[in-house]
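Heads up, the thing below is written out as structure tokens.
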Amino acid sequence: MGAGAVFAGPAGGPLHLFTKSCMTREAVLRLSGITKRFGPLVANDAISFELMRGEVIALLGENGAGKTTLMNILFGHYVADEGAVEAFGAPLHPGDPKAALAAGIGMVHQHFTLADNMTVLENIALGTAPLWRPRLDRGAARARIRALSADFGLSVEPDATVAALTVGERQRVEILKALYRDARILILDEPTAVLTPGETEALFRTLKLLVAKGLSIIFISHKLAEVMAVSDRVLVLRAGRLAGERVTASTGRAELAALMVGQEVVSPPVPAMRSGTPLLVLSEVSTGGRGTGARLNRVSLTLRAGEITGLAGVSGNGQSALAGVIAGTETLTTGEIEIGGTVVSAWSPREALRRGIGRIPEDRHAVGTIGDMSVAENVISEQYRTARFARHGLLDWAAARAFAEEIIRDYDVKCPSPDSRIRLLSGGNMQKLILGRALDPKPRIILANQPTRGLDVGAVSYVHRRLLEARERGAAILLISEDLEEILALSDRIVVMSRGRLSGASARGERTIAELGELMAGHQGEAA
Amino acid sequence: MEALDILVTTSFWVAAIRIASPLIFATLGELICERAGVLNLGIEGIMTVGAFAGWFTVYSGGDLWTGVFVAAFAGAAFGLLHATLTVPLGLSQHVVGIGITLLATSLTYFTYRLALPQVTSPPKIEPFQPLPIPGLSQIPVIGEAMFSQTPLTYLAFVSVAVVAWVLYRTPLGLAVRAAGENPSAVEAQGISVTAVRMGAVMAGSALMAIGGAFLTMSAFNSFFFQMVNGRGWIAIALVVFGSWRPGKALIGAILFAAFDAYQIRLQQLAGGVLPYQVFLMLPYVLSILALVLVARRATYPKALMIPYQKGER
């Protein structure tokens with residue numbers, strides 16, 4: 001890897017935000033040749049790097065690149081198949097979180113490891129005193145937590161129950177847990193994924209204070225802007241390998257993005273199309289009060305062949321209800337649905353499938369997949385009744401596996417086998433499977449609800465390309481997204497939803513971003 | 001009016017506390033297991049084992065407290081079996097629990113038959129005798145009910161305080177409660193979830209067995225088949241009723257026992273008017289009602305019945 005060669009010297013190198021504090025160049029952590037396999041999948045392939053005192057390393061990579069696995073090895077949740085870890089010059093006993101904690105390594109997990117029924121203080125104190133001690137010294141613990149909170153801007157009430165805390169507060173508790181144990185190395189796994197922009201800024205301020213105290217930080221992320229803002233050095237992981245190492249001050253987002261996905265990222269071109277016949281027409285549709293979002297109020301919408309209709313809006317304004325109407329899960333109180341020129345009666349999810357509607361659901365974990373069932377079972381879940389997968393009421397597993405393998409190949413899914421449980425897949429790969437399942441029958445109408453939420457750059461552009469392909473073969477697509485950039489990039493026509501009502505459609509480029517923003521905020525007086 | 005007069009008699013409250021004692025042990029035992037995330041349906045069988053082991057130790061010439069110790073040890077042994085199957089091996093807690101109950105019960109009966117092949121009526125031992133506490137036992141009604149009991153009843157009440165202290169005031173208690181709520185929190189703080197859960201199941205099973213031993217060594221003086229008679233299942237309901245808190249569980253146990261003592265007296269009072277089974281049913285009907293009212297708001301330990309496998313994603 002040659003860390004020294006790439007790394008600029010402390011005095012001569014470009015002076016970054018955090019670089020000031022790392023005056024001494026001692027390595028606090030050294031990973032050498034870490035390899036980890038899950039069955040046939042190589043999650044980490046001979047990864048080596050060093051972390052210096054007072055340094056912030058960003059571990060950048062797409063979902064499934066092996067970032068979290070690597071950190072779980074470091075923290076002792078997993079045991080590496082090959083390689084060794086050294087902390088402060090001493091070898092770290094593998095597979096033992098206790099050893100990692102004792103060596104001064106603290107980890108803030110992406111999914112918090114807090115007990116909801118206990119207080120902040122209890123969560124922090126857990127495991128810090130010998131278990132057989134007859135009494136927990138709450139007074140001392142409280143004082144120490146208060147002091148740490150004040151020092152590092154991590155305000156949280158020690159006696160609050162964790163269940164009552166916001167996500168941001170919970171993350172602060174996680175950081176406090178590490179600091180309470182005098183951690184010298186802090187690993188943060190996708191810490192900003194759950195934070196609001198304001199909370200993210202506060203977190204970055206805290207990290208700055210920690211580095212000033214000489215802590216070293218490994219910051220895992222797939223967001224380029226954050227990596228550029230917070231790190232001294234960037235390690236890029238791709239498909240389990242260390243794809244590159246850069247000093248943050250002398251690299252840029254474009255270079256990092258290219259390293260991350262292995263090629264230049266280009267937005268797919270959107271060729272001009274003549275809009276075709278209306279395939280799905282909603283007229284004056286309203287829904288009842290089920291669910292959390294707004295209900296629909298006399299919404300009319302036409303989806304045409306060869307057209308992507310983008311639906312913009314702030315979440316919770318009725319997008320879920322509209323998606324439910326098209327997918328057949330929502331009951332109409334007024335209005336009607338017309339598909340291919342005929343009005344449908346008896347609308348249901350099965351009827352929607354039968355009429356050729358392909359669905360990419362909003363929440364791939366809760367609705368899109370069944371986590372503990374296999375990839376093959378999940379991909380046939382929309383078609384298992386058809387003659388293709390069932391004979392005389394019995395499932396044809398050979399056909400199911402073949403179909404799964406076909407999707408795995410055609411949609412470039414990284415997955416060990418059709419028999420692995422789908423929840424073991426990363427978000428991007430899961431979404432590719434759902435995409436394959438929805439698009440393989442060549443549906444005439446496609447409902448894509450937040451199809452790229454939570455995906456990394458590579459997966460996003462992949463999803464976009466597939467949607468544009470479907471458009472080219474003449475499908476009518478409804479793209480629901482909270483990401484206005486995505487809507488603007490792909491849509492032929494744009495509609496805006498606000499408080500259960502829909503604005504009139506505007507063609508590509510007809511309304512400015514400011515105008516769309518106005519509509520999203522609910523000012524739709526002039527909407528035609 | 002006569003029916004209400006029962007409630008102010010001393011003998012009624014003495015009986016209620018006596019009936020509550022084995023339930024207190026069993027409920028505490030189950031509570032510890034569940035707080036750590038393991039549902040122990042072996043309770044009914046483990047109580048049977050405790051009842052026999054304690055009694056047989058004394059019958060074979062052992063001292064009463066040795067009997068209690070042997071019962072606890074036997075309970076912990078079955079707890080170890082339960083924990084081995086459910087914690088490191090992660091098997092279904094329902095299936096294992098029912099299996100342990102069947103195994104423990106049958107093994108007890110088998111051992112009884114092997115040890116005493118000739119007997120026709122159950123042999124008796126000299127059980128724990130009431131030990132009035134000087135001063136306190138002089139208080140009218142309450143004093144006599146609470147402080148003229150056998151040492152094992154006192155031990156039951158002391159256990160409630162000890163378990164509450166351990167759960168809420170000690171580092172160990174934190175680990176137990178966290179193991180039942182979010183085991184990954186325990187793991188991330190460098191404590192072995194497996195060790196905490198196995199330890200909790202063994203300690204809880206030991207308490208259940210002492211609850212069983214109370215029946216043969218304090219409430220009665222001999223061992224007979226079917227003597228646990230569903231008390232283990234009641235304890236499981238009492239844990240829910242008590243929202244997994246020792247103090248509330250104690251109140252639940254006393255309440256249930258009071259209903260039980262009350263229905264026995266009602267039977268005598270109303271003799272012949274209603275079939276006695278109606279009265280036998282009463283405590284159970286009331287406990288179902290109480291559960292419906294209380295348990296809807298109960299917050300379960302979130303990781304209850306979910307096996308924890310280290311390093312799984």
Net length gained if the chain between B:Val278 and B:Arg169 were fully extended (0.36 nm per residue, minus Cα distance): 34.8 nm
Net +/- balance of residues flanking A:Ser315 in space, Cβ distance below 13 Å, scoring K and R +1, D and E -1: -2
Spacing of the two label points (7 Å from each Cα toward its C-beta) at A:Ser381 and A:Ala140, in nm: 5.1 nm
Sorted peptide list for A:427-435, B:111-119, A:221-229, criterion being average Cβ within 10 angstrom, highest first: A:427-435, A:221-229, B:111-119
Average projection area in nm² (convex hull over Cα atoms of the range A:282-520, one quarter of hull surface): 12.8 nm²
Those residues of the range A:105-135 whose amide nitrogen sits under 16 Å from the label point placed on A:Ala160, 7 Å along Cα→Cβ: A:114-124
Residue among A:Leu29, A:Val120, A:Pro271 farthest towards the positive dipole end of chain A, charges placed on Cβ: A:Val120
C-alpha long axis of helix B:10-35 to longest principal axis of chain B, angle in °: 10 degrees
Three principal axis lengths of the protein assembly as shown [C-alpha, angstrom, descending]: 96, 74, 54
Modelled label reach - A:Thr35, point 7 Å along Cα→Cβ, the range A:55-81 residues with backbone N closer than 14 Å: A:80-81
Options A:Gly358, A:Thr386, A:Ser420, ranked by Cα towards positive dipole end of the range A:282-520, top entry (Cβ charges): A:Thr386
Of A:Lys36/B:Lys302; A:Lys67/A:Lys177; A:Lys98/A:Lys177; A:Lys36/B:Lys310; A:Lys67/A:Lys414, those spanning more than 20 Å from alpha-carbon to alpha-carbon: A:Lys36/B:Lys302; A:Lys67/A:Lys177
Cα Rg, Dmax, chain B, angstrom units: 19.8, 65
Approximate spin-label separation B:Ile98-A:Glu472, in nm, with each point projected 7 Å along Cα-to-Cβ: 5.8 nm
Local electrostatic count at B:Ala164 - Lys and Arg +1, Asp and Glu -1, tallied over other residues with Cβ under 11 Å: +3
Candidates per trypsin sites (Lys or Arg not before Pro) in the range A:50-141, loop by DSSP, up to 14 other Cβ within 10 Å: A:Arg135
Rounded if a/c under 1.5, otherwise prolate or oblate - the range A:286-357, Cα gyration tensor axes: oblate
Share of Cα-Cα pairs in the range B:176-313 lying beyond 22 Å, as whole percent: 54 percent
Nearest-0.05 FRET efficiency for B:Leu89 and A:Arg423, computed from C-beta distance (R0 22 Å): 0.55
Mean separation of Cα contacts under 8 Å (6+ apart) over length of chain A, as relative contact order %: 15 percent
GluC sites (Glu not before Pro) lying in DSSP loop within the range B:23-61, provided at most 12 other Cβ fall within 10 Å: none
Mean Cβ count within 10 Å, highest first, over the residues of peptides A:75-81, B:36-42, A:277-283: B:36-42, A:75-81, A:277-283
Average other protein chain Cβ within 10 Å of Cβ, residues A:175-183: 1
Charge dipole (the protein assembly as shown, unit charges on Cβ, about Cα centre) - positive-most of B:Gly45, A:Gly168, A:Phe403: B:Gly45
Cβ-placed point charges (K, R +1; D, E -1), dipole of the protein assembly as shown about Cα centre in debye, nearest 20: 200 debye
Spatial separation of Cα centroids for the range A:275-332 and the range A:479-515, in angstrom: 14 Å
Extended-chain gain in nm, criterion 0.36 nm per residue less alpha-carbon gap, A:Asp412 and A:Val167: 84.8 nm
Net charge of Cβ neighbours under 14 Å - reference B:Met47; Lys, Arg +1; Asp, Glu -1: -1
At R0 = 56 Å, FRET efficiency that the Cβ-Cβ distance of B:Asn221 and A:Ala239 yields, to 0.05: 0.15
Number of partner chain Cβ atoms within 10 Å, mean per residue of B:172-181: 6
Two-site label geometry, B:Ile6 and A:Arg253: point separation in nm, points 7 Å out along Cα→Cβ: 7.9 nm
Peptides ranked, highest mean first, by Cβ atoms within 10 Å: ranges B:68-75, B:156-163: B:68-75, B:156-163
Rg and Dmax [Cα atoms of the range A:116-183; Å; Rg one decimal, Dmax integer]: 11.3, 33
Anisotropy class of the range B:97-230 from Cα gyration tensor, a/c 1.5 cut: oblate
Peptide A:120-129, shielding by other chains (average Cβ, 10 Å cutoff): 5
Helix-only mean residue ellipticity at 222 nm for chain A, each DSSP H run of n ≥ 4 adding -39500 (n - 2.57), per residue, nearest 500: -9000 deg cm²/dmol
Potential lengthening between A:Glu86 and A:Arg133 on full extension [0.36 nm per residue; Cα-Cα distance subtracted]: 13.7 nm
The range B:159-227 versus the range A:145-175: alpha-carbon centroid distance in Å: 31 Å
Gyration tensor verdict on the range A:248-371 (Cα atoms; rounded if a/c is under 1.5, prolate if a/b is larger than b/c, oblate otherwise): prolate
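Just so you know, all these numbers are worked out from the coordinates, no wet-lab data involved. Note that the coordinates shown come from a computational prediction; the quantities given were computed from them, not determined experimentally. FYI the Cβ positions are ideal-geometry reconstructions off the backbone, even for glycines, and counts take in every protein chain you see.
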